[in-house]
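K.L.:
I'd like to ask some things about the structure below.
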Amino acid sequence: MTIHREQYDIAILGSGFGGSLLASILCQQGFKVCLIDKSVHPRFAIGESSTPAADMILYSLAVNYGLDELIPLCRFGTWQESYPDIHCGCKRGFSYFWHGGDSGFQSTPNHEHELLVAASESRDVADTQWYRADVDHLFCNVAVKRGAVLYENTYVEGIHHTGLNHWKIRLQNDESNEIHSSFIVDATGGSSVLLKSLHVPKLTHQLQTNSSAVYSHFNSVPNVDQWLIGHGIQQDDYPYPVDDSAIHHVFDDGWLWQLRFENGPTSMGFVYNNETHHFEFQPHEEWETLLNSHPALKRVCADFKLSQHPGKVFRVNRLQRLFSLNAGDDWAALPFTAGFIDPLHSTGIAHTLIGVQRLAEILIDCGVGNSSERLREYSDKILNEFFHIDRLVAGCYRHMNNFERFKSWTMVYFAAATTFEQRYHSGSEDFLCAADGEFHGIVAQLFDELCSLNQSECTTEQFVDHIRREIEPFNTVGLFEPEVNNMYRYTAAEK
Ligand SMILES: Cc1cc2nc3c(=O)[nH]c(=O)nc-3n(C[C@H](O)[C@H](O)[C@H](O)COP(=O)(O)OP(=O)(O)OC[C@H]3O[C@@H](n4cnc5c(N)ncnc54)[C@H](O)[C@@H]3O)c2cc1C
């Protein structure tokens, strides 16, 4: 049997949009790069709801590294114009509907059971829901066009570290390949192939969030505005047509995401709080159980049917995972490979992109052999960010049975996101202000003070007021203004 041996500067495991984008940048800068993936594009992937931060980072990477063909993806309008066949949805903001308590979702003149937070002022400049099968395929093609060598349908059989900047990767595919590289990037997401082969210990047990998910793509899901009309809800003062948003149906025991794509399907997933739920059935049976135990969802989803692609329901028992180290002298992992908290605030795409930005800068500045200190900083930063995101998310789960408290904890996230977006323009890459001592301290302190209390130990008014006062220095977009009646018209920084 002939074994083909190839030498690369950088081997990237995983050709999702994260690995592929990093490959494109590094190829542009003259590195010899390969991408290795067990699948073949187009393939299903979850993680679809983008944010203003994600658009800004992608725009900056595309402009700075001459990846012009990615620029249209940073806004819904230009995306539709340039890539009508790469499917996506329009996302004007985040919408929440509360079905909790004894009486379920109810309409009130002040929209007390609703929260809409607009991120953009028109469809043209809106964010997007990424139909990942198409989007990742495009990113991978861009990388190949820039010179990355793609090994698809290829499993990593073994990784051997034979010395500093000497890696041997054995591949399993039609041919027998052995790849030699000076540096490895693990971008395999939840598979974390390199991290596992290096036996990096996990810190998942230190995370506060504990949730699980069932999800897929569905057809014939009715528009949410029809469901609202059925409830007699006035939408005149809504800041955007509600179907053009990331919709969160919040229950006492979890929440459902609903993301509509222009080409027809809707992504839906229910995320359970594991404090109150344990899966008992096969994934497709879990949907039936979910609908039976949440009759309101039957009305929201009506006659929906599983889409042909992917054609099955997926289940993740615990979404949270975290490795204690995300980089060494000659290797690194992208954020989604190093860990994950939860889809609640849609932090994943932007976190991946900021990880790509940082790794690209390190490798371009220092090369593959001289970057140990910067890589240590990279690893520490990501770890700190995961613990920060964990608090921003866990605080919401603790208060899903009380929408006033849930909303105010969500405002802590919006303060983090909007402050980060504004600062990103002036060069900061401190994701969600995790390394800002003051903000980080406020979040940690609020979490310790408020989230450990029984709800009887402080009134909802005290809870909300305390958060409002503490985050005031970071609230530059009018969060907590009672007169807006939970309808925030425009919060994001200019893209
Ligand atoms: C349920 C859920 C919902 C989410 N929702 C959101 C959201 O709404 N918004 C948001 O911003 N983020 C969300 N995320 C996070 C988002 O999915 C990630 O940030 C994003 O997928 C990261 O992209 P990536 O390219 O780094 O990794 P991935 O997309 O995971 O790509 C990994 C690639 O590695 C390949 N691979 C895997 N194993 C191997 C192997 N052994 N050998 C070779 N190749 C391999 C895979 O085929 C794949 O192509 C969600 C995550 C989950 C789990």
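The values are calculated or read from the model by the stated rules, or taken from the named source; none is laboratory data. Since the structure is predicted, the reported quantities are computational estimates derived from the model, not experimental observations. Here Cβ is always computed from backbone atoms with ideal geometry, including for glycine, and neighbour counts include all displayed protein chains. Remember, those area values only see protein heavy atoms, side chains included, never the ligands or the DNA or RNA. Shrake-Rupley method; radii C 1.70, N 1.55, O 1.52, S 1.80 Å.
K.L.:
If a residue has to be open to solvent by less than 30 Å² (accessible area, probe 1.4 Å) and in contact with a Cys (Cβ under 8 Å, 6 or more places away or on another chain) to count, how many in the range 254-309 make the cut?
P.N.:
Selection size over the range 254-309: 3.
K.L.:
From the list S408, S372, S426, S346, pick out the single residue that is among the polar types (S, T, N, Q) and free of Cβ contacts under 8 Å to residues at least 24 places away in the same chain. Please lay out each step first, then the result.
P.N.:
Details: S408 fails: free of Cβ contacts under 8 Å to residues at least 24 places away in the same chain; S372 fails: free of Cβ contacts under 8 Å to residues at least 24 places away in the same chain; S346 fails: free of Cβ contacts under 8 Å to residues at least 24 places away in the same chain.
One residue alone meets the criteria, S426.
K.L.:
Scanning for something open to solvent by 30 Å² or more (accessible area, probe 1.4 Å), in contact (Cβ under 8 Å) with a residue 12 or more places away in the chain and more than 14 Å from the ligand (Cβ to nearest atom), does the range 14-28 turn up at least one residue?
P.N.:
yes
K.L.:
Still on this structure, I have one more. Quick one: which strands (runs of 3 or more DSSP E) sit completely within the range 103-171 and have at least 1 residues that are within 12 Å of the ligand (Cβ to nearest atom)?
P.N.:
Because the criterion is at least 1 residues that are within 12 Å of the ligand (Cβ to nearest atom), the strands (runs of 3 or more DSSP E) in the range 103-171 that meet it are 127-130, 149-151, 155-163.
K.L.:
What number of residues within the range 445-476 satisfy the criterion of being without any contact (Cβ under 8 Å) to a residue 40 or more places away in the chain, within 18 Å of N401 (Cβ to Cβ) and either open to solvent by less than 80 Å² (accessible area, probe 1.4 Å) or part of a loop (DSSP other than H, G, I, E, B) (or both)?
P.N.:
5
K.L.:
Tally up the residues in the range 95-118 that are of a type outside the set (D, E, K, R) and open to solvent by 10 Å² or more (accessible area, probe 1.4 Å), please.
P.N.:
Qualifying residue count for the region: 12.
K.L.:
Next up: Under the condition of being more than 9 Å from the ligand (Cβ to nearest atom) and not in a loop (DSSP other than H, G, I, E, B), which residue from the range 197-213 is most open to solvent (accessible area, probe 1.4 Å)? Walk me through it before giving the result.
P.N.:
At the first step, the residues of the range 197-213 found to be more than 9 Å from the ligand (Cβ to nearest atom) are 197-212.
Restricting the remaining residues to those that are not in a loop (DSSP other than H, G, I, E, B) gives 197, 202, 204-206, 211-212.
Values: S197: 51, K202: 101, T204: 24, H205: 135, Q206: 92, S211: 0, S212: 1 Å².
Here the answer is H205.
K.L.:
I've got another one for you. Taking the criterion of being of a type in the set (D, E), within 8 Å of the ligand (Cβ to nearest atom) and either touching an Asp or Glu at 6+ places or on another chain (Cβ under 9 Å) or open to solvent by less than 10 Å² (accessible area, probe 1.4 Å) (or both), would at least one residue in the range 32-39 satisfy it?
P.N.:
Yes, the conditions are met somewhere in the range 32-39.
K.L.:
Report yes if D236 is open to solvent by 10 Å² or more (accessible area, probe 1.4 Å) and at pLDDT 95 or above, otherwise no.
P.N.:
Taking the combined requirement at face value, the residue does not satisfy it.
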